[in-house]
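First the structure, in the form of structure tokens, and then the observations on it.
Just so you know, all these numbers are worked out from the coordinates, no wet-lab data involved. Model, not experiment: these values are computed from the prediction. Here the Cβ positions follow ideal geometry from the backbone for every residue, glycine too, while neighbour counts run over all protein chains shown.
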Amino acid sequence: MARGVRRQGRELALKIIYGFAGLNQEIGRILADFWRNFRFRDDVLGEAVEDAEAVPDEVRQFADELARGVHAHLERIDARIADCSRNWSLDRMARVDLALLRLGTYELLFCPDVPTSVVINEAIEIGKRFGTAETPGFVNGILDRIARDREAKSAG
């Protein structure tokens, strides 16, 4: 099944965000290293391969935009995730789940043009592809809390 530009961009952004977890590098260097060293086959696992075709520019630009946004707002994003995750500290979360939460939280907080339902649905679908069986429900629950919290604050 063909995936759209934004889904592909989100999946690549997830991989970038997963890779910079815990690193204190400048985002430009992180992105340069990622694009120079990794190419992914368009299959279910997204395995790295040497001969993969180049990522289309619009997909790459969207992935870069998302990764840059998460990196720029990481402290605020992590604080919001921590506030809305009951009984789970960030360091106890699976890295894929945390990367997905960071991506989804960034879109919820800083991308008002993307509907909440789209952000959460995309995170769930990407979680099904890259996470565990528990990932979709876990990510859905926390992102839903973040969205409801944001809506309550903007209404009040």
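Taken about its Cα centre, segment 5-155 carries a charge dipole of about 460 debye when Lys and Arg each add +1 at the Cβ and Asp and Glu each add -1 at the Cβ. Compare the Cα positions of THR132, LEU66, LEU90 along the charge dipole of the chain (+1 at Cβ of Lys, Arg; -1 at Cβ of Asp, Glu; about the Cα centre) and return the one farthest towards the positive end. My answer, from the dipole projection, is LEU90.
Each stretch of four or more DSSP H residues adds -39500 (n - 2.57); spread over every residue of the chain, this sum gives -22500 deg cm²/dmol at 222 nm.
Size descriptors for segment 98-156 (Cα atoms only): Rg and Dmax, in that order, 11.2, 37 Å.
Site pair ARG150 and GLU75 shows an inter-label distance of 2.1 nm when each label is modelled 7 Å from Cα along Cα→Cβ. Full extension of the chain segment joining ASN37 with GLU65 gains 8.2 nm, where the gain is 0.36 nm per residue of separation less the Cα-Cα distance.
Shown in residue order for segment 56-61 are the 3J(HN,Hα) couplings computed by the Karplus curve 6.51 cos²θ - 1.76 cosθ + 1.60 at θ = phi - 60°: x, 3, 5, 5, 4, 5 Hz (x for Gly and Pro). Taking the three principal axes of the alpha carbon atoms in the chain, the coordinate ranges are 51, 35, 31 Å, sorted in descending order. Seen against the Cα atoms of the chain and their longest principal axis, helix 116-130 is set at about 50 degrees.
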